[in-house]
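Only one structure is covered here, and it is reproduced in the block below.
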Amino acid sequence: MTKIAIILGSTRPGRNGEAVAKWVHGIAERRSDAEFELVDLADFPLPHFDEPGSPAMGVYSNDHTKAWSAKIAEFDGYVFVTPEYNHSTSGVLKNALDYLYTEWNNKAAAFVSYGGVGGARAVEHLRLIASELQLATVRAQVAISLITEFENYSVFTPGDYLLPQVDTMLDQVVAWSKALEPLRATDGQEQAAA
């Protein structure tokens with residue numbers, strides 16, 4: 001069964017992203033085409049990148065890196081739930097992405113963002129990062145306005161008009177995750193031969 005992680009990309013106290021990620025996860029769990037798991041970066045406290053070598057080498061010396069690597073390696077695709085901070089994603093999500101390399105390769109990625117303009121600028125930055133990590137990003141994304149979908153900018157009250165957007169985004173990330181499976185199998189064979 002295809003496994004998709006819904007990664008909560010904020011650890012800020014009082015974060016809006018927790019309600020958004022749980023909402024997406026609740027919608028995803030109704031599906032039968034993949035297994036979905038909510039992965040909260042708060043459960044993986046990663047300091048600023050502190051490995052002596054490049055993540056591309058896949059050799060890790062720190063237990064926190066090994067735990068993060070093992071968790072991310074479990075999945076075939078990802079839905080990143082991101083805030084927009086200063087026209088980009090959160091520092092904690094960028095750091096978590098930077099910790100690994102091969103674990104992300106040849107997998108699909110989708111985005112749910114929130115902010116003043118729906119978090120669109122954060123996703124544009126994430127698409128560039130994902131490309132370098134060999135993550136295939138799907139076109140459909142869910143951009144949630146902090147102004148219209150949150151009461152007092154803090155209580156998430158999503159409109160029903162967002163539901164088809166979530167479904168389309170999930171359709172695409174599941175389909176692409178499955179389509180990339182042969183590439184991941186080839187990568188595993190090459191690593192075993194090395």
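Miscellaneous remarks
- Binned Cα-Cα distance frequencies in the chain - 10 Å width, integer %: 9, 38, 37, 14, 2, 0
- For the range 60-134, the C-alpha radius of gyration sits at 1.11 times the compact-globule guess of 2.2 N^0.38 Å, with N the residue count.
- Sequence-ordered 3J(HN,Hα) estimates for the range 56-67 from the Karplus curve with 6.51, -1.76 and 1.60 and θ = phi - 60° stand at 4, 7, x, 10, 10, 9, 9, 4, 5, 5, 4, 5 Hz, glycine and proline given as x.
- Contact order relative to length of the range 72-158, as percent, for alpha carbon pairs under 8 angstrom and 6 or more apart: 31 percent
- For the range 12-26, backbone phi angles converted through the Karplus equation (6.51, -1.76, 1.60; θ = phi - 60°) give residue-by-residue couplings of 4, x, x, 4, 6, x, 4, 5, 5, 4, 5, 4, 4, 4, x Hz, Gly and Pro being listed as x.
- Listed residues ALA67, ALA136, ALA19, most fluctuating in the chain (Gaussian network, C-alpha, under 10 Å): ALA67
- Sites listed here are chymotrypsin sites (Phe, Trp or Tyr not before Pro) in the range 1-77 whose DSSP assignment is loop and whose Cβ has at most 16 other Cβ atoms within 10 Å: PHE49.
- Non-local Lys pairs in the chain, i.e. 8 or more apart or on different chains, that have alpha carbons under 15 Å apart: 5
- Backbone amide hydrogens, once placed in the peptide plane, bring GLU35 within less than 5 Å of THR2, LYS3, ILE4, excluding anything fewer than 5 places away on its chain.
- Annotation: amide H-H contacts under 5 Å for PHE150 (H modelled 1.01 Å from N, sequence separation of 5 or more, or interchain): THR157.
- Average accessible surface for the chain: 47 Å² per residue, computed with a 1.4 Å probe over protein heavy atoms with every protein chain in place.
- Viscosity 0.890 mPa s, temperature 25 °C, Stokes-Einstein D of the range 1-94 from Kirkwood C-alpha radius, µm²/s: 170 µm²/s
- The trypsin sites (Lys or Arg not before Pro) of the range 108-146 include none that meets both conditions, a loop assignment by DSSP and at most 11 other Cβ atoms within 10 Å of the site Cβ.
- Between amide H atoms placed 1.01 Å from N, distances below 5 Å from ALA109 occur with TYR78, ALA136, THR137, VAL138, all of them 5 or more places distant or on a separate chain.
- Carbon and sulfur %, accessible surface of the chain computed with the full protein complex present, 1.4 Å: 54 percent
- Environment charge of VAL39, counting only residues whose C-beta is closer than 13 Å and scoring Lys/Arg +1, Asp/Glu -1: -4
- Karplus (6.51, -1.76, 1.60) ³J(HN,Hα), θ = phi - 60°, over the range 122-132, in Hz, Gly and Pro reported as x: 4, 5, 4, 5, 5, 4, 5, 5, 4, 4, 5
- The chain: relative contact order in percent, alpha carbon pairs under 8 Å with at least 6 residues between: 22 percent
The values are calculated or read from the model by the stated rules, or taken from the named source; none is laboratory data. Only a predicted model underlies this, so the values are computations on that prediction, with no experimental measurement involved. Glycine gets a Cβ as well: all are built from the backbone with ideal geometry, and neighbour counts include every protein chain shown. For accessibility, only protein heavy atoms count, side chains too; no ligands or nucleic acids. Shrake-Rupley method; radii C 1.70, N 1.55, O 1.52, S 1.80 Å.
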